[in-house]
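This report refers to the structure that appears directly beneath it.
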Amino acid sequence: MERELALELVRVTELAALAASPWLGRGEKDGADGAATEAMRHMFDSVSIQGVVVIGEGEMDEAPMLYIGEQLGNAQGPEVDVAVDPLEGTELVAKGLNNALSVLAVAPKGQLLHAPDMYMEKLAVGPALAGKLSLHDPVRTTVEKAALALGKSLSDLTVILLDRERHSEMVSEVRKAGVRIKFLSNGDVAGAMAPAFPETGIDLYVGSGGAPEGVLAAAALKCLGGEIQGRLMPENQSQFDRCVEMGIVDPRRVLTMDDMVGTGDVIFTATGITPGEFLGGVRYLADQRAETHSVVMRAKTRTIRYIRSLHYLPNKALLRNSYL
């Protein structure tokens, strides 16, 4: 993959973020998601790739665009797998809350895991803890090992996880250890990425969330030098069989970074829709302009670029309806 591709891809998440932002706080998560999806699909037509969606908005019969198996790009570039989440945090936009993103990852063909739409148990860390923890351990052992490796007391350690009833036992164990907890209402990808950014003050991410989001987070953490481990959580025989059909022979084994995003190059890009831990949100300015804040990263070079862009938007109504 050429380095120029990274800058082409950031334009895709920028446009999706701009399309979703007028829906902020309107309580219409489907409208926001639809606007972001349509904008992202439109912009992909100009990107020099021969892409196939491996993680997207659903199966062909469930999603009108960005469905799994859909071909993307202008057919003039490299053959690549594409993982997308046009609006990561639909509830966040609907309620006007922080940490909503538009995200995508691209890797050479055959490299990204075709993750089924189910829960995945996850453990994500930044570079300082990469290779030092295991998803096989109980959470109490995990936080103790993390504190020791970081040279911190348990009371100075901060864990982030989704605020869900299914995590109640884990929360109890973490609190008994004296570790601080930061809860996420939504925003699984942003949460898993947070430990890799020192400015967030987050040491590790634990708990379960969406499997497709786990692959997107793995792409980001590969670029950042962090690590994520995952284990699929099929809830019934049908989901178990679905994993096997998608090439995951043992659905309950722990998946490594290499399992999720391969050993080759990966490009990851995200644009903030609402302000978050490491990216600002879309801001409307004077003179019919809007500002976006994005990050684009490449695993091969470990380059991380933050991009602030000013966009001229003479007609926001067109953005609201995604006629882009």
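The values are calculated or read from the model by the stated rules, or taken from the named source; none is laboratory data. Here the structure is a predicted model, which is why all the values come from computation and not from measurement. All Cβ positions, glycine included, derive from the backbone under ideal geometry; neighbour counts span all protein chains shown. To get the accessible areas, we keep the full protein, side chains included, count just its heavy atoms, and leave off ligands, DNA and RNA. Shrake-Rupley method; radii C 1.70, N 1.55, O 1.52, S 1.80 Å.
Pro251 fulfils the conditions (1) outside any helix (DSSP H, G or I); (2) farther than 18 Å from Thr13 by Cβ; (3) open to solvent by 20 Å² or more (accessible area, probe 1.4 Å) except for a single criterion, (3).
Is there a residue in the range 6-26 that is under 23 Å from Thr303 (Cβ atoms), free of Cβ contacts under 8 Å to residues at least 60 places away in the same chain and under 19 Å from the mean Cα position of the chain (by Cα)? Step through it out loud before you land on a result.
Initial filter on the range 6-26 (under 23 Å from Thr303 (Cβ atoms)): 6-17.
If we keep only those that are free of Cβ contacts under 8 Å to residues at least 60 places away in the same chain as well, we get 8, 11.
Imposing the further condition that a residue be under 19 Å from the mean Cα position of the chain (by Cα) reduces the set to 8, 11.
Yes, there is a match, as at least one residue in the range 6-26 is under 23 Å from Thr303 (Cβ atoms), free of Cβ contacts under 8 Å to residues at least 60 places away in the same chain and under 19 Å from the mean Cα position of the chain (by Cα).
Out of everything in the range 31-55 that is under 19 Å from the mean Cα position of the chain (by Cα) and not hydrophobic (A, V, I, L, M, F, W, C), what residue ends up being most open to solvent (accessible area, probe 1.4 Å)? Once the filter is applied, the top-ranked residue is Glu38.
Among the criteria (1) without any contact (Cβ under 8 Å) to a residue 24 or more places away in the chain; (2) in contact with a Phe, Trp or Tyr (Cβ under 8 Å, 6 or more places away or on another chain); (3) surrounded by fewer than 20 Cβ atoms within 10 Å (Cβ to Cβ); (4) not basic (Lys, Arg), the one Gln288 does not fulfil is (1). Restricting Ser185, Ser172, Ser155, Ser168 to residues that are of a type in the set (Gly, Ala, Ser), within 29 Å of Ala105 (Cβ to Cβ) and surrounded by fewer than 16 Cβ atoms within 10 Å (Cβ to Cβ) narrows the list to Ser185. Within the range 109-143, restricting attention to residues that are part of a strand (DSSP E or B) and not aromatic (Phe, Trp, Tyr), the residue that is surrounded by the fewest Cβ atoms within 10 Å (Cβ to Cβ) is Glu121.
Among the numbered conditions (1) closer than 17 Å to Leu129 by Cα; (2) in contact with a Ser or Thr (Cβ under 8 Å, 6 or more places away or on another chain); (3) part of a helix (DSSP H, G or I), the only one that Glu199 does not meet is (2). Residue by residue through the range 82-96, note down the ones that are of a type outside the set (A, V, I, L, M, F, W, C) and surrounded by fewer than 24 Cβ atoms within 10 Å (Cβ to Cβ). Scanning the range 82-96 gives Thr90, Glu91, Lys95, Gly96. Set side by side, the residues Arg308, Arg302, Arg283 differ, and just one is modelled with pLDDT of 95 or more, surrounded by fewer than 21 Cβ atoms within 10 Å (Cβ to Cβ) and either under 20 Å from the mean Cα position of the chain (by Cα) or among the hydroxyl-bearing types (Ser, Thr, Tyr) (or both), which is Arg308.
Pairs linking a residue in the range 227-239 that is farther than 11 Å from Gly214 by Cβ and in a strand (DSSP E or B) to a residue that is open to solvent by 50 Å² or more (accessible area, probe 1.4 Å) and among the small types (Gly, Ala, Ser), with Cβ atoms under 7 Å and 6 or more positions apart or on different chains, are Glu227/Gly131.
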